[in-house]
Each structure stands twice: as structure tokens, then as C-alpha cells.
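Report on the following structure.
The values are calculated or read from the model by the stated rules, or taken from the named source; none is laboratory data. Just so it is clear, the structure is predicted and the values come from calculations on it, not from any experiment. Reconstructed Cβ throughout: ideal geometry from the backbone, glycine too, with neighbour counts over all protein chains shown.
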């Protein structure tokens with residue numbers, strides 16, 4: 001329920017800013033303000049998540065985020081909202097997510113235990129994407145019928161659901177996780193821990209590029225609806241729902257198969273970037289809409305497998321700090337990429353902005369694949385003959401000259 005409300009607010013917030021300013025760059029600034037706190041303070045959120053009980057943290061953060069939604073609803077329904085109000089409230093909500101994100105990610109392991117963690121991460125993503133499927137459609141109807149303010153109000157009220165759920169949990173049935181003791185140098189300790197493990201470093205590097213450039217859909221979709229297809233808020237909601245439908249399929253596939261191999265993560269990132277390029281060039285609305293589905297599927301498959309890869313390869317006492325770094329580079333890169341992508345989109349058009357970001361994502365995936373192959377003592381071998389496996393990893397010795 002709360003995730004549905006959150007997606008309603010995101011759609012209504014983007015459309016409200018576009019209505020107030022007429023600028024895709026302003027939408028990019030809004031997205032940047034929402035994720036800037038993660039870039040500035042994200043690692044400290046991980047220290048807090050490792051040190052204090054996650055359930056208590058979540059009760060505080062969920063309550064605060066609900067209040068920001070109600071404040072934006074009051075301003076909008078009162079007819080006094082200005083774009084700077086949206087910027088400020090987006091920044092305040094972002095402050096709460098600094099602590100909420102790593103605590104929520106790590107709390108999954110306390111709910112199900114280590115044996116079910118991979119499946120739980122995938123189902124958690126499926127839950128999120130189901131809300132992403134419903135929320136934009138409902139938001140589009142509400143915006144068209146009664147305005148953005150009611151979407152903000154419903155989002156604020158939706159936080160009653162997770163707060164109630166957290167209060168009703170039977171604490172004796174949770175799986176205890178070792179908490180880090182209070183001490184100096186814990187932030188530096190977390191960074192040193194990640195730096196010494198290539199299996200953590202390279203997925204996080206890839207997450208940075210995909211998160212900074214590849215996931216700026218609010219900017220592109222508002223620009224496509226407004227400038228390319230000349231639609232309204234209802235079309236914007238439909239396109240977001242189609243993107244979410246593909247994302248849900250990707251999450252359910254990951255949950256069913258339990259995939260967490262690094263090569264699946266890299267392959268999904270490459271497919272995601274290439275699909276963005278193809279989707280950007282779609283000449284008609286119906287083809288653009290159809291291509292959003294596989295784009296969302298591979299984007300979410302990348303996200304889920306990267307998340308589970310990092311969590312499963314991290315010690316329990318360090319998991320909060322590692323996941324805060326993961327979330328910091330994933331969503332914290334948006335303040336860097338959002339305004340740039342918005343400027344490119346405003347200056348050169350929606351198609352060019354979308355294509356450039358897809359190419360960056362594909363190039364990053366290719367570069368990380370080559371680095372991982374080299375560090376693993378293998379090379380990527382192409383074989384275009386009929387009946388052969390066209391792409392496979394082989395030991396580097398196979399390329400040694402015959403003696």
C-alpha cells in the first residue's frame with residue numbers, strides 16, 4: 001500500500017513540476033533534490049543501520065516520509081504550491097531515505113534468514129514493482145480527474161500501512177543479526193572492506209553508471225509525453241505502468257530462478273542499455289510503449305541480481321554499511337545525472353537524451369565484463385558459426401599460440 005502511494009506521489013510530483021515550469025530540466029532538478037541526501041550522507045545511513053535496531057529505525061523514517069507527503073498535499077490542495085516547495089520537500093524526504101534504504105534492505109535478512117535471502121530480495125523487488133504498476137495508473141487518473149494534491153494526500157495516508165505492520169511484528173520470530181558496536185572509524189572500515197573485494201567493487205561500479213544515467217525515466221517519459229507524443233498525465237501514467245509491468249516480470253523471474261551470478265548481472269545491464277537505445281528511436285507511440293516492457297524487465301533483473309550478489313557476499317556485521325554504499329551509488333548518482341540528462345533532453349530533444357544514456361549504460365556493462373573476465377583468468381570468445389554457442393567464456397590458455 002505504501003509503495004503504491006509512493007509511486008503515485010512520484011508521478012504526480014513530476015507532472016506538477018512540469019506543469020509549473022514546462023521544463024524537463026526542472027523535473028531533473030526535482031529528482032536530484034530527492035536523491036542528493038543519499039549522495040551526501042548515504043554512508044552514514046549504513047553506519048546507523050548496522051548500529052541500531054532496524055525496526056525502530058523504520059518506524060521513525062516511515063513516519064517522517066508520511067508527514068512530508070501530507071505537507072505537499074496541504075500546499076497543493078491549498079493552491080499555494082510553488083516549485084521551490086516541491087524541491088524542499090523532496091530534499092527532506094530524501095534525508096529520511098538515507099537511513100530508511102539501508103535499514104530496509106538489511107531488515108529483509110532478519111525477516112527470512114540467510115537461506116531465503118536471495119528469494120526474499122527478488123520478492124521484495126516484485127512487491128515494489130507491483131506498486132509501480134498500480135501507482136502510476138491511479139496517479140494518472142487522479143491528476144486528470146481531481147489534480148495532483150489528492151495523490152499526495154493518499155501517499156501520506158498510505159504510510160499508516162507499514163507503520164502498523166512494523167508495530168504488529170512478533171519480535172521473537174525475527175532472525176537475530178549481529179549489530180556493530182559503537183566505535184570510531186566504522187565508516188572507513190566499511191569502505192576498506194568493500195575495496196578489498198572485487199566481487200563487491202565491480203557490481204557497485206556498474207550500479208553507479210546504470211543508476212546515474214540509465215534510470216532517469218521521469219525525465220525522458222515526461223519529455224516524450226509532452227514533446228514527442230503530445231499526451232497528457234493519463235498517458236504518462238500508462239507508460240510508467242508498462243515500464244513497471246516489465247520490471248515486475250524481471251523481479252518474478254529472478255525470484256523463481258534464484259539467479260545471482262555476476263555474469264547475469266552484467267548481461268542484464270548490457271541488454272538494458274541496448275534496449276534503451278532501441279526504445280528511444282521507436283517512431284510510433286505503440287512501438288515505444290511495447291519496448292518499455294522488456295526495458296523494464298532487464299533493468300529490474302539487473303537491479304535484483306546486483307542487490308542479491310552484494311548482500312550474499314557481505315558479512316552480517318558489515319551489511320548495513322555495504323548496502324548503504326550500494327544505495328548511495330545507485331540513487332545518489334541521480335543528483336549528478338538528473339540535471340545533466342534534463343539539460344541534454346531540453347537542448348537536443350528526448351530521443352537524443354534517451355539514446356546517450358542507453359549508450360553509457362551499455363558501455364559501462366561492456367567495460368565491467370571485460371575487467372571481470374580478465375581478473376577471472378578468462379576471455380570472451382565469439383563464434384558465429386551455425387550450431388555453435390556464439391558467446392562463451394574460455395580460459396586464457398586457449399588463446400596461447402601453439403608451440
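So that you can scan it fast, the table gives a plain yes or no per residue for (1) farther than 30 Å from residue 198 by Cα; (2) at pLDDT 90 or above; (3) more than 18 Å from the chain's Cα centre (by Cα); (4) surrounded by 18 or more Cβ atoms within 10 Å (Cβ to Cβ):
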| residue | (1), (2), (3), (4) |
| --- | --- |
| 269 | no, yes, no, yes |
| 272 | no, yes, no, yes |
| 275 | no, yes, no, yes |
| 279 | yes, yes, yes, yes |
| 284 | yes, yes, yes, no |
| 287 | yes, yes, yes, no |
| 295 | no, yes, no, yes |
| 305 | no, no, no, yes |
| 311 | no, no, no, yes |
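I need the full set of residues from region 117-127 which are more than 13 Å from the chain's Cα centre (by Cα) and under 21 Å from residue 53 (Cβ atoms), in order please. 117, 120, 121, listed by residue number. Restricting attention to region 42-71, the residues that are surrounded by fewer than 18 Cβ atoms within 10 Å (Cβ to Cβ) and more than 25 Å from residue 168 (Cα to Cα) add up to 2. Scanning region 337-355 for residues that are out of contact with any helix residue (DSSP H, G or I) (no Cβ under 6 Å at 6 or more places or on another chain) and part of a helix (DSSP H, G or I) returns 340, 347, 348, 352. Residues that are buried (at least 16 other Cβ atoms within 10 Å of the Cβ) and assigned to a loop (DSSP other than H, G, I, E, B) were ranked within region 142-171; the one that is modelled with the lowest pLDDT is 147. Listed here are the helices (runs of 4 or more DSSP H) enclosed by region 1-80 that have at least 2 residues being out of contact with any helix residue (DSSP H, G or I) (no Cβ under 6 Å at 6 or more places or on another chain) and free of Cβ contacts under 8 Å to residues at least 60 places away in the same chain: 54-77.
Residues 32, 49, 103, 93: which one is within 18 Å of the chain's Cα centre (by Cα) and farther than 30 Å from residue 233 by Cα?
Numbers: 32 fails: farther than 30 Å from residue 233 by Cα; 49 fails: within 18 Å of the chain's Cα centre (by Cα); 93 fails: farther than 30 Å from residue 233 by Cα.
The match here is 103.
Quick check, is residue 314 farther than 28 Å from residue 139 by Cα and outside any helix (DSSP H, G or I)? The answer is yes for residue 314.
Here are some residues: 368, 355. Which one is within 14 Å of residue 199 (Cα to Cα) and surrounded by fewer than 24 Cβ atoms within 10 Å (Cβ to Cβ)? After ruling out the rest, the residue left standing is 368. Can you pull out every residue in region 81-106 that is assigned to a helix (DSSP H, G or I) and touching a residue at least 60 places away in the same chain (Cβ under 8 Å)? Within region 81-106, 83, 86, 90, 94, 97, 98, 101, 102, 103, 105, 106 meet the criteria. Taken as a whole, the condition of being over 19 Å from the mean Cα position of the chain (by Cα) and in a helix (DSSP H, G or I) applies to residue 109.
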